[in-house]
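Have a look at the structure below before the remarks.
Bear in mind that the values in this text are calculations on the coordinates, not laboratory data. Treat the numbers as computed from the prediction; the structure is a model and nothing was measured. Neighbour counts run over all protein chains shown; Cβ positions are idealised from the backbone, glycine included.
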Amino acid sequence: MKHSISAPGKVILFGEHAVVYGRPAIAAPLSQIRACAEVRLTDRPLTVLTEDIDRPPLRWPGARPDSNDPLERMTAIASQFFCAAPIKGEIAIRSNIPIARGLGSGAAVSAVLARAIAALLARELSPDDANALVYEVEKLHHGTPSGIDNTVVVYNKPIYFVKDRRMDFIRIARPMSLVLADTGVSALTRETVAAVRKLYHEQHARTQAAFDAIGAIAERAGRSIEIGDWAGLGELMTENHKLLQALAVSSPQLDRLVAAALDAGALGAKLSGGGRGGVIIALVDGDTSQPVQRGLLAAGAKNVYATAFGLT
Ligand code: MEV
């Protein structure tokens, strides 16, 4: 038996960080970048091979649920979930999602590993159960994750998300084009989430006010997306970026790329994900995508990707 499984990367459109504190946020899957797994039944104990991820293969036995290694933790908790040990077979994982750029690489790899283990065991894994398993592993990447990354990656649809309370699929009124630009700087979400938590304790009122303003923006952005008001959405994006600056999760490179996108005619731009590195997103219309991509490269972006949502 050979079985192919995949999961997309993701982009946070609005509300990162504030979402950890119960404010709404919006995220969408990035189907061009993906993690994939191939599964092969063998009669040997499970081996998990990783091609583009710099790490040694994982071999059963030895998977511990409290491991700090995300693949090992997923293997162990999935084996507990299915009451199956040892698992036999081979899983080969590949991913072209850049690592530590806020693009959901960790969640996508965990999602394909969970589904690959289910396939090896010939068991069903519902999206809700896959989401719960991936969330457990996200705790390693994020410390106190809101759950938005695993949710958007597992359900593979744009979502409006409020931690522990709400997850709605968003209908995008008409095609929405984005340019993503990578600073080339790796940043660990766990560290930026911890830095925001420190600020939250040290400057409570100011941080709460920023979270409230970000939450109000995400709410308005949800309505703009549903009616296709891209001019309004762009303004909300740029306002969201300023509030992320106030939370000290931007960086000179991110600010430079946001300014370059706006100068080149983007409707709005902001950092996306944990910040202090990773990517910015810029909302563009058909005519501005190319100039914005050129402007971003000229301003030092290491890579640009054009993507669109709501095409079906
Ligand atoms: C990371 O993609 C988004 C953050 O809000 C963290 C989280 O929600 O867990 C920074």
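Observations, loosely collected:
- Dipole axis of region 158-213 (+1 Lys, Arg; -1 Asp, Glu on Cβ), positive-most option in Ile170, Gln208, Thr189: Ile170
- Kyte-Doolittle mean at least -1.0 and Cα axial length at least 27 Å: DSSP H helices in the chain: 204-227
- The fraction of all Cα pairs in region 2-167 landing in successive 5 Å bins from 0 to the largest distance is 2, 10, 19, 23, 20, 14, 7, 4, 1, 0, given as whole percents.
- Full-stretch length increase - Asp52, Glu226 - with 0.36 nm per residue and alpha-carbon distance subtracted: 58.9 nm
- Taking every alpha-carbon pair under 8 Å whose residues sit at least 6 apart, the chain reaches a relative contact order of 21 percent.
- Full-stretch length increase - Thr42, Asp164 - with 0.36 nm per residue and alpha-carbon distance subtracted: 40.0 nm
- Here the alpha carbons of region 16-112 define both size measures, Rg and Dmax, at 15.2, 48 Å.
- Helix-only [θ]222 nm of the chain, DSSP H runs n ≥ 4, -39500 (n - 2.57) each, per residue, nearest 500: -13500 deg cm²/dmol
- Note that the chain shows a convex hull volume over its alpha carbon atoms of 121 Å³ per residue.
- Estimated dipole of the chain in Debye, rounded to 20 [Cβ of Lys and Arg +1, of Asp and Glu -1, Cα centre]: 300 debye
- Comparing Val258, Gly275, Gln290 along the charge dipole axis of region 173-309, the residue lying farthest to the positive side is Gly275, per the Cβ-charge model.
- Intensity falloff of region 173-309 expressed as log10 I(q)/I(0), Debye formula with alpha-carbon point scatterers, at q = 0.10, 0.11 Å⁻¹: -0.32, -0.39
- Distance cut-off 26 Å, percentage of C-alpha pairs in region 128-244 lying past it: 28 percent
- Coil-residue GluC sites (Glu not before Pro) of region 80-151, DSSP, other Cβ within 10 Å capped at 16: Glu124
- Applied to region 29-37, the Karplus parametrisation 6.51 cos²θ - 1.76 cosθ + 1.60 on θ = phi - 60° returns per-residue 3J(HN,Hα) values of x, 10, 6, 6, 10, 8, 9, 10, 9 Hz, with x for Gly and Pro.
- Close amide H partners of Ile97, meaning residues 5 or more places away or on another chain with modelled amide H under 5 Å apart, are Arg34.
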